[in-house]
Amino acid sequence: MESASRALSTIRQPRIDLQSLRVRLILGMAAFSLLGLGGVAGWTSWTLQQWLIGSHQQNVQAIAERLPQDIELYSEMMSVPQGLQKALDQITTSNLLIWVNGADGNLITQSSQMAGRTAGQMTSPPVSVQKALMGLSTMPNYPQVREINQRYFILYSLPLLLRGTNLGTLQVAEDITRDQIMFQAIVRALILASLLGSLAVTGASAWYVRRALQPLRQLSQMAGMLSAHDFGQRPLRVENAPTEVKELAQTCNQMLSRLWDAWEQQRQFVGNVSHELRTPLTVVHGYLQSVLKRGTNLSEPQREALATASTEAEHTIRILKDLLELARSDSGNLRFHLEPVDLAELAAEVTGMGKPFASRHINIESAIPAPVAKADRSRLKQVLLNLLDNAVKYADPQSLIVVRLAHAGEFVTIQVCDQGPGIPLQQQSRIFERFYRLDESRDASSEGCGLGLSIVKTLTEGMGGSVTVRSMPGEGSIFTVSLPSYRENL
C-alpha cells in the first residue's frame with residue numbers, strides 16, 4: 001500500500017521541465033540559424049571579394065605582364081626611353097598609376113598623369129597619396145590590397161625586362177577605394193541582415209516552440225492537478241494536439257488506470273485484513289486480560305508470559321486501528337464531526353489518562369482564555385495522544401515534556417515539546433510518511449511501526465489544519481498542530 005501511495009505521489013508531480021526544454025529548443029534554433037545565415041553571409045562576402053577585388057588583381061597583373069610587349073613594339077619606332085614613356089601613357093588611367101624605379105631605387109620614369117603633364121586632366125589620386133605610394137620601401141611581387149592614407153590600392157611589382165635587358169622595377173598601383181568601400185558596405189549589410197534574420201528566425205522559433213509545447217504543458221498541468229482519488233475518474237485529455245502527444249496521453253491514462261487498480265486492490269486488502277483481524281485480536285486480548293485478573297493460581301513466569309501476550313495483542317490492535325483509519329482516509333470515508341473543543345480541558349484529559357504518562361513530567365502551558373478549536377474531539381484526542389506517545393518514547397525518562405496551547409490569529413496551536421535526541425534536518429520532511437522511522441531511534445524500548453505521525457498528519461489535515469516539526473539534534477523537537485479557531489468561525 002505504501003509503495004503504491006509513493007508511486008501515485010510521484011506521478012502527481014510533473015517531471016517535465018517544459019520551460020527549460022523550450023529555452024533549449026529556442027537557443028538551438030537560434031544558434032543553427034545564426035550559423036546558417038552567417039555561413040551564407042560569409043560565402044557571399046567571399047564571392048563578392050573574388051568578383052570585385054579579384055577582377056582588379058587580375059587586371060593589374062595582366063597590364064604589368066603586357067607592358068614589356070608594348071615597350072618593345074614602340075621601341076622599334078623610337079628610342080627605348082620614349083617607347084617606355086609612350087607605353088606607360090597608353091595604359092595609364094585615372095585610377096591606375098605606373099612608374100619605374102632603377103636598381104638603386106631612384107625613379108626612372110612615370111606616367112604623364114602622375115607627373116601632371118596630361119592636358120586638361122587633374123592628377124588622381126592626390127599628390128600626397130602618390131608620394132606615399134612611391135615612397136614605399138617594398139612592393140609585393142603579387143597583386144595585393146593595401147591601405148595607403150585611408151585609400152585602398154592594389155599594389156604589384158615585377159622586374160621590367162626588354163630583350164633580356166633589365167630596365168628596372170615596374171611598380172603598378174590601382175586605386176580601388178570606391179569598390180573597396182562598396183564591398184565593406186555590402187559586408188556590413190550582410191552581417192546586419194544575418195543578425196536581423198537570426199532574430200526573426202528566433203522569434204518565429206519561439207512562437208512555434210511555444211505553440212508546439214502547449215499540449216504538453218496542458219498535459220503536465222492536468223497531471224499536476226490530479227489527486228489519488230481522481231486517477232480512476234479523470235483521464236488526461238488534450239485538444240488540438242499532435243498525434244504523438246495524444247498517444248502519450250493515452251499511454252499515461254492506461255498506466256494510471258493500472259496503477260489505480262493496484263491501489264484499489266491494496267487499499268481494499270489492507271482495509272479488509274485490518275477489519276477481519278481486529279475482532280479476533282480484540283477477543284484474544286479480552287481473554288488474556290480476564291485470565292490475568294482471575295487467574296489466582298498462575299505462577300510468576302506464566303503471568304509474565306500472559307502479560308507480554310496481552311501487551312503485544314493490544315499493540316497489534318492499535319496498529320490495525322491506524323491502518324483502518326488510513327484506509328478510510330484514502331477511500332474518502334473518513335468522517336469528522338466538527339465542534340468547539342476546549343484545548344486546555346482536552347490536554348488535561350489526555351495527560352491524566354494514567355499508565356502511558358503516569359511516570360513522566362508533563363506540563364500544560366495554556367493561554368488565557370483557553371484556546372477553543374473547531375475540530376473533531378475524538379480525532380483531536382487521538383492526535384494529541386500520538387504526539388505525546390511519540391515524545392514519551394524517544395525522550396529521556398527524566399526529561400520534561402511541555403504542551404503549549406496558544407492563539408495564532410484565526411488559528412489555535414498545540415505544541416508538544418520534548419527534550420529528546422532531536423531529528424536530523426534531512427529527515428524532518430519524511431517523518432510524516434507511513435512506516436517511516438528514524439534509524440537511530442529503533443531500539444528495544446521503542447514501540448510502533450511508523451504510523452503514529454502519519455495518522456497525526458491525516459487527521460489534522462482532515463480537520464482543516466496542519467502539522468509541522470522544528471527540531472535540532474541533541475536539543476529536542478517541537479511538534480506544532482494548527483487548527484481553525486472556533487471563535488473565528490462563529
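Worth a mention:
- Solvent exposure of segment 149-197, expressed per residue, is 52 Å² of accessible area, with all protein chains present and a 1.4 angstrom probe.
- Inter-label distance, nm, simple model (7 Å from Cα along the C-beta direction), Asp396/Val23: 5.0
- Residue ranking by accessible heavy-atom surface, 1.4 Å probe, largest first, among Leu170, Leu400 comes out as Leu400, Leu170.
- With all protein chains modelled, accessible area of Ile364 [1.4 Å, Å²]: 70
- Nonpolar atom fraction for segment 23-174, defined as the carbon and sulfur part of the 1.4 Å probe accessible area, stands at 56 percent.
- Extension gain for Leu425-Glu461 works out to 10.7 nm (0.36 nm per residue, less the C-alpha to C-alpha distance).
- Tyr74 - accessible surface, heavy atoms, 1.4 Å probe, Å² rounded to 10: 50
- Residues whose amide H lies under 5 Å from that of Phe411, counting only those 5 or more places away or on a different chain, are Ser485; hydrogens are built 1.01 Å from N in the peptide plane.
- Bridgeable lysines around Lys457 (alpha carbons under 29 Å apart, same-chain partners fewer than 8 residues away excluded): Lys321, Lys355, Lys374, Lys381, Lys393.
- Residue-normalised accessible area of segment 350-430, given per residue in Å² at a 1.4 Å probe: 48
- Built amide H within the under 5 Å cut-off of Gly168, gap 5+: Leu160
The values are calculated or read from the model by the stated rules, or taken from the named source; none is laboratory data. Since we're looking at a predicted model, the values are computed, not measured. Backbone-built Cβ (ideal geometry, glycine too); neighbour counts: all protein chains shown. These accessible areas exclude ligands, DNA and RNA; they are computed on the full protein's heavy atoms, side chains included. Shrake-Rupley method; radii C 1.70, N 1.55, O 1.52, S 1.80 Å.
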